[in-house]
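Asker: Let me give you the structure first, and then I'll get to my questions.
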Amino acid sequence: MKSVVLYISSNGRKVKMGVQVLFALYEHASGYALFRVKEFEEVGMLIPQVEQSVTDPSKFQSIVQLVAFSPFKSGTNALDNINSISEGLLHEDLKLFLETHVPKAGKKEKIVLGVADSKIGAAIAEELGIKSNHIGVVPEVLRGIRVHFSRMVKGLNEKSESKAQLGLGHSYSRAKVKFNVNRQDNMIIQSISLLDQLDKNINTFSMRIREWYSYHFPELVKIVNDNYMFAKVARYIGNRKEFDDDKLEGLEEIVMDSAKASAILDASRSSMGMDISPIDLFNIETFASKVISLTEYRMGLAQYLHSKMTQVAPNLATLIGEQVGARLIAHAGSLTNLAKYPASTVQILGAEKALFRALKSKGNTPKYGLIFHSTFIGRAGTQNKGRISRYLANKCSIASRIDCFSEYPTSVFGDHLRQQVEDRLKFYETGDAPTKNIDVMKKAVEEAGEVQKKLAKKDKKKKKKEKKRKAEGDESMADTTMEADTTADMEDEETSPPKKKKKRKSKGEEQEVAMDMDESGDAGGDGKTKKKKKKKKKDD
């Protein structure tokens, strides 16, 4: 698109300053393409006739002309380029493409490059000095290029275009889904949600088994209060009429109390429960075994959550606990989102309904959300709960940011932050002034630096070991290939020469046989051998 730039001088004359030439950069899954826009209606851009002219290929190709097309070398190269474009960075391939094909601006012509994203336009302007534009005519031109791209580039079909787009889309989404092994906050979100669901299910199932087995043995509910232990006892006893002194030792191992085991035995002998059929008893036992397996799995899941929180967010876990910290991460969506939240948002995270209800009714806003489950707020007095929740939310935001943005996360800062909260509780109760935050953070930074140096050394050693293993594996593979080649050559040598030797030996053997036959002819053999002797004499 050419447009004459004018200005009016003091004399009132119109002086021609220069011509503006518009180029359009289009990033496709198959490569980069550069188009030159000859002319385009900018004033009547939104008129239906102009919009229809964009969809017509013949009219659009008369307006927009292909200047250059640079295909990607491979799928990994395409993925690398699209990742840099999405982040607003100028890739080396795109930089080389623009340097070679975009003409330099002169006094008479001004070059403007139309781009789809303002970030990549800013990066091009900074590094190459090419003026970019992403508004006005450019979106409409890029829309037409997107529609007619397969027709404007030679050797590119709609099938190949769709295949390239599909392959690059899958690889790009796969790369975005991939996450660092040390930052598996997605696993924490799933595990804490599963843990909460298991708590609900185990509670309902244990209440069901209590009610079901109480028809047969109602006195057991008062003696055994724990749900997990009640399910194990119910499965072990079964029919209370068959329970006797011989099974008392096994019951003591389950209950871990001899007095309670003897009380269960006495209650089973004088129980007021109804008799039960073997089919009903079998269903109760199978259901009790299911409840036991679920509770055992819940214990293992809690240990798994503990290990994940120590890896991903150790400071947050030591400050507020594994489960409360995991609930904060799950409610925020990720650890990075939690790190972006201010302390005021972290304080009421999980109490959004109460907050909006208070804002609508102009009442008191909530003081705490998910932080209420921590032990600090329970230990604080009624007057100091709001103050300690605000202080704890501040420390939680600091801990989450340290965990999110540190290369080697440690629990050093979490220990110091927890001690600060403890000192604040003592200050509310006794009035003793706690240590300043600056002094505490200085000590924490020094300790964390020492720990991080050790972790960095361990990481370097691991990388060196992995490199050595890879090098040894490559050498072993090369040795095996060399041995295979040498063995093949040896086998070829062993197989081929004996055939030649056998042929030579066979000729010698034939001569020896002929000599023997001659000697036998002299002794009174056939006439043929005599004729051979005569021929030899004539030759001599």
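Asker: Give 369, 386, 363 a once-over and let me know the one that is under 24 Å from residue 430 (Cα atoms) and of a type outside the set (D, E, K, R).
Answerer: The match here is 386.
Asker: Would you kindly identify the helices (runs of 4 or more DSSP H) lying entirely within the range 286-381 that contain at least 1 residues that are touching an Asp or Glu at 6+ places or on another chain (Cβ under 6 Å) and open to solvent by 70 Å² or more (accessible area, probe 1.4 Å)?
Answerer: Result: empty, no element qualifies.
Asker: While we're looking at this one, here's another question. In the range 259-281, is there at least one residue being under 16 Å from residue 223 (Cβ atoms), under 49 Å from the mean Cα position of the chain (by Cα) and of a type outside the set (A, V, I, L, M, F, W, C)?
Answerer: no
Asker: Now for a different question. Search the range 388-435 for residues being among the charged types (D, E, K, R) and touching a helix residue (DSSP H, G or I) at 6+ places or on another chain (Cβ under 7 Å), and hand back the single one that is nearest to residue 366 (Cα to Cα).
Answerer: 390
Asker: For residues that are part of a strand (DSSP E or B) and either over 40 Å from the mean Cα position of the chain (by Cα) or surrounded by 15 or more Cβ atoms within 10 Å (Cβ to Cβ) (or both), tally how many sit in the range 52-67.
Answerer: 3
Asker: Specify which of the listed residues (148, 216) is open to solvent by less than 30 Å² (accessible area, probe 1.4 Å), in contact with a helix residue (DSSP H, G or I) (Cβ under 9 Å, 6 or more places away or on another chain), assigned to a loop (DSSP other than H, G, I, E, B) and at pLDDT 85 or above.
Answerer: After ruling out the rest, the residue left standing is 216.
Asker: Which numbered condition trips up residue 112, out of (1) open to solvent by 20 Å² or more (accessible area, probe 1.4 Å); (2) assigned to a strand (DSSP E or B)?
Answerer: (1)
Asker: For residue 260, state whether it is under 19 Å from residue 279 (Cα atoms) and either out of contact with any strand residue (DSSP E or B) (no Cβ under 8 Å at 6 or more places or on another chain) or open to solvent by 50 Å² or more (accessible area, probe 1.4 Å) (or both).
Answerer: no
Asker: Another one. Look at residue 135 and say whether it is within 29 Å of residue 33 (Cα to Cα), open to solvent by less than 60 Å² (accessible area, probe 1.4 Å) and more than 31 Å from the chain's Cα centre (by Cα).
Answerer: No, not satisfied.
The values are calculated or read from the model by the stated rules, or taken from the named source; none is laboratory data. Remember, it's a predicted structure, so these values are computed and weren't measured experimentally. We place every Cβ from the backbone using ideal geometry, glycine too, and count neighbours over all the protein chains shown. Just so you know, the surface numbers come from the protein's heavy atoms only, side chains and all, with ligands and any DNA or RNA stripped out. Shrake-Rupley method; radii C 1.70, N 1.55, O 1.52, S 1.80 Å.
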